[in-house]
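The values are calculated or read from the model by the stated rules, or taken from the named source; none is laboratory data. What you are looking at is a predicted structure, and each value in this text was computed from that prediction instead of being measured. Methodologically, a virtual Cβ is constructed for each residue, glycine included, from the backbone with ideal geometry; neighbour enumeration extends over all protein chains shown. Heads up: the accessible areas ignore ligands, DNA and RNA and are worked out on the full protein's heavy atoms, side chains in. Shrake-Rupley method; radii C 1.70, N 1.55, O 1.52, S 1.80 Å.
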Amino acid sequence: MVFSGGGARGAYEAGFVRYLCDELPRRLGRPPQIDILCGTSVGAIHACYLAATAHQTEGRGARLVDVWTRMQLDQILPLSARDLLALPRRILGMRKIAEALKDGDLPDRLYGLFDTKPLEELVLGAIPWRGIRNNIRAGRLDAACVAATQIGTGNVVVFMETRDRTIPQWTRDPTVVPRPTRLLPTHALASAAIPLVFPAVRVASTYYADGGLRLNTPLAPALRLGADRVLVVALRQETRNASEAELTRTHGAAYGSPLFLFGKVLNALMLDHLDTDLSRMHVVNEILEHGETAYGAGFTDKLNQVALRKSARPFRHIHDLVIRPTADPGLLAGQILSNLSDAHSRSPLIRLAARGLEDGDRSPESDLLSYLLFDSDFVAPLADLGYRDAAAREEELVAFFTD
């Protein structure tokens, strides 16, 4: 199972997990067996949560949703008008951190616009971290991994925990580096450190930022760890569901908003190569299928005999199921803002976005807020969307988890 990154949009994944863990077992007659868990950014947190609670059978999906729906933006990202005015000074204060680094002092966190301690405390408290190691040792799952971007090199480091801590045959891409380890909160927090917004996190002596910069949906690590069926939960609508006219229909005045531009930059950063990876995987599947049709059922076996002699990874059919939001999270954020009766008494971020509402359902800042709106008013409907989308795909999910 592969989780994407996307900040507060991750509530969608929580809603999907609720259906997967609490409702689907009634159709299957058993809990769905997940052997490998991979995630980036907020998806890394969810992968760790499922790995740490793999021994639990009742209500773990509902508990995850409950963590999300109890969020209040004023508590998770406390930001007052005074804080906004102080942002320029805070940015200038980065120089002090740079000077400290020159002196050999390595702080746990680098600069960021927001103080994420309340969010970090929530992550620490919601996940029984020792459970990851215990569940892997007990054979309840084979591996868990999270992807983070190493700031110094720009490489993606995939922190993975397996029973024997060995590295499987890995991708030929030198910019994606596997690192066996024992997964800790710092790994998940590093994976979720959106650049400039959240402080970069130090792991050992190296700093890391959001894995979504390079690998927002870590499909490749799941395949390298041996998956032959991949369930992907993405946090962006399928491209063909959003018409080009809708994507480009933006009032010129919107480009005058720094928050609008920052939201679009985050969209671009989180735009990963999932569809390209899936297309490449489907091409390999077709080659194997056509080869078996042309040369018989032993085609794949003969192909793999050659691959093994050349110390290459054997080929295999990969079945995939991709779940995507059926509604645009950015548009949903705008719609929720338009219905908030107390928007002007809330966080400055909410007030700014509410002031810029267009046509009653979207503001220029909606995309940015859909990443940062860690508030029950937004995440509860988003979690419901994830639950409903999962329910709508129930037959496909049953087939996916049925041998």
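With all protein chains in place and ligands, DNA and RNA left out, the 1.4 Å accessible area ranks Thr162, Thr206, Thr326 as Thr326, Thr206, Thr162, largest first. The protection proxy used here, the mean number of other Cβ atoms lying within 10 Å of each residue, ranks peptides 388-394, 164-170, 282-288 as follows, highest first: 388-394, 282-288, 164-170. Inter-part distance, the range 14-83 to the range 144-213, computed on C-alpha centroids, equals 21 Å.
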